[in-house]
Amino acid sequence: MNRDFISKLILKFSVINTLVFIFSSLFILVFWGFDVSLNLPYVFGCLGLSFFLALLNCLLEIKDNTSKLKALLYNVLFFVMVNASVVSMGLWLKWFDFNDLGMICGFEVTILVVYGIAGFFNWYAGCIMANKMNDRLSKLKEESED
């Protein structure tokens with residue numbers, strides 16, 4: 001594995017994991033209240049799921065020359081994989097009750113919000129990297145002209 005891949009993996013894991021803990025805390029507060037005790041499988045479930053999704057995202061990352069339609073299809077399919085993974089983990093660790101429609105809708109909204117914010121951070125990090133590369137290219141061009 002190269003340094004760039006590991007750097008992206010750590011960034012994506014950090015963003016996903018932070019968002020998962022923030023929004024799952026809000027989800028728990030809304031649906032279960034303050035008097036909740038969480039067991040260790042919850043913590044390791046969140047960490048493991050965050051790492052799995054970050055790794056999957058890094059491995060399946062779209063290339064820069066991909067068409068907009070392929071990028072859209074990739075995002076839709078990746079969201080379906082994320083959703084299936086989170087719901088499966090949630091069922092296994094009993095994070096929600098399937099008989100409570102409000103809880104299921106809240107869970108889905110939470111997944112959508114976390115996915116959207118993580119996607120925004122991923123896009124923003126790409127913009128920062130592109131600006132740095134453009135600045136370097138401008139400097140190289142100026143140096144070669146002198």
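Looking at N83, N57, N75, N65, which is the one that is modelled with pLDDT of 80 or more and either in contact with a Ser or Thr (Cβ under 6 Å, 6 or more places away or on another chain) or surrounded by fewer than 15 Cβ atoms within 10 Å (Cβ to Cβ) (or both)? Quick ask: steps written out before the conclusion?
Numbers: N83 fails: either in contact with a Ser or Thr (Cβ under 6 Å, 6 or more places away or on another chain) or surrounded by fewer than 15 Cβ atoms within 10 Å (Cβ to Cβ) (or both); N57 fails: either in contact with a Ser or Thr (Cβ under 6 Å, 6 or more places away or on another chain) or surrounded by fewer than 15 Cβ atoms within 10 Å (Cβ to Cβ) (or both); N65 fails: modelled with pLDDT of 80 or more.
Selected residue: N75, the only one of N83, N57, N75, N65 that is modelled with pLDDT of 80 or more and either in contact with a Ser or Thr (Cβ under 6 Å, 6 or more places away or on another chain) or surrounded by fewer than 15 Cβ atoms within 10 Å (Cβ to Cβ) (or both).
Where the second residue is not in a helix (DSSP H, G or I) and the first is farther than 18 Å from S85 by Cβ and lies in the range 98-117, which pairs have Cβ atoms under 6 Å and are six or more apart or on separate chains?
If the second residue must be not in a helix (DSSP H, G or I), the pairs left are M103/F96; M103/D97.
Starting from the range 23-45, keep only residues that are farther than 21 Å from V114 by Cα, then list their pairs with residues that are in a helix (DSSP H, G or I) whose Cβ atoms are within a distance under 6 Å, requiring at least 6 positions of separation or different chains.
Going by the 6 Å Cβ cut-off, the qualifying pairs are V36/I28.
Determine whether the range 58-74 contains at least one residue that is under 16 Å from S24 (Cα atoms), out of contact with any strand residue (DSSP E or B) (no Cβ under 9 Å at 6 or more places or on another chain), aliphatic (A, V, I, L, M) and assigned to a helix (DSSP H, G or I). If you could, list the steps in order and put the result at the bottom.
Pass one, the range 58-74, residues under 16 Å from S24 (Cα atoms): none.
Looking for residues that are under 16 Å from S24 (Cα atoms), out of contact with any strand residue (DSSP E or B) (no Cβ under 9 Å at 6 or more places or on another chain), aliphatic (A, V, I, L, M) and assigned to a helix (DSSP H, G or I), one finds none in the range 58-74, hence no.
Can you pull out every residue in the range 128-144 that is among the aliphatic types (A, V, I, L, M) and open to solvent by 90 Å² or more (accessible area, probe 1.4 Å)?
Looking only at the range 128-144, we keep the residues that are among the aliphatic types (A, V, I, L, M), and these are 128-130, 133, 137, 140.
Those that are among the aliphatic types (A, V, I, L, M) and open to solvent by 90 Å² or more (accessible area, probe 1.4 Å): M129, M133, L137, L140.
Which ones in the range 86-127 are more than 26 Å from G33 (Cβ to Cβ) and open to solvent by less than 50 Å² (accessible area, probe 1.4 Å)?
The answer is G116, A118, G119, A125, G126, C127.
For the range 86-118: of the residues being farther than 15 Å from L19 by Cβ and β-branched (V, I, T), which is farthest from the chain's Cα centre (by Cα)?
In this case the residue turns out to be I104.
Output the number of residues of the range 32-54 satisfying the condition of being open to solvent by less than 70 Å² (accessible area, probe 1.4 Å), more than 27 Å from L77 (Cβ to Cβ) and not small (G, A, S).
In the first step, residues of the range 32-54 are kept if they are open to solvent by less than 70 Å² (accessible area, probe 1.4 Å); the result is 33, 36, 41-43, 45-50, 53-54.
So of that shortlist, the ones also more than 27 Å from L77 (Cβ to Cβ) come out as 33, 36, 41-43.
Checking which are not small (G, A, S) leaves us with 36, 41-43.
Of the residues in the range 32-54, 4 are open to solvent by less than 70 Å² (accessible area, probe 1.4 Å), more than 27 Å from L77 (Cβ to Cβ) and not small (G, A, S).
Taking the condition of being assigned to a helix (DSSP H, G or I) and under 23 Å from V43 (Cβ atoms), how many residues in the range 75-103 meet it?
Residues meeting the conditions: 13.
Counting just the residues of the range 1-54 that are small (G, A, S) and outside any helix (DSSP H, G or I), which one comes out modelled with the highest pLDDT?
Looking only at the range 1-54, we keep the residues that are small (G, A, S), and these are 7, 14, 24-25, 33, 37, 45, 48, 50, 54.
From what is left, the residues that are outside any helix (DSSP H, G or I) are 33, 37.
Numbers: G33: 83, S37: 79.
If we take residues in the range 1-54 being small (G, A, S) and outside any helix (DSSP H, G or I), then G33 is modelled with the highest pLDDT.
The values are calculated or read from the model by the stated rules, or taken from the named source; none is laboratory data. Since we're looking at a predicted model, the values are computed, not measured. Don't worry about glycine lacking a Cβ; one is built from the backbone with ideal geometry, like all the others, and counts go over all protein chains shown. Accessible surface is based on the protein model in full, side chains and every heavy atom, while ligands, DNA and RNA are left aside. Shrake-Rupley method; radii C 1.70, N 1.55, O 1.52, S 1.80 Å.
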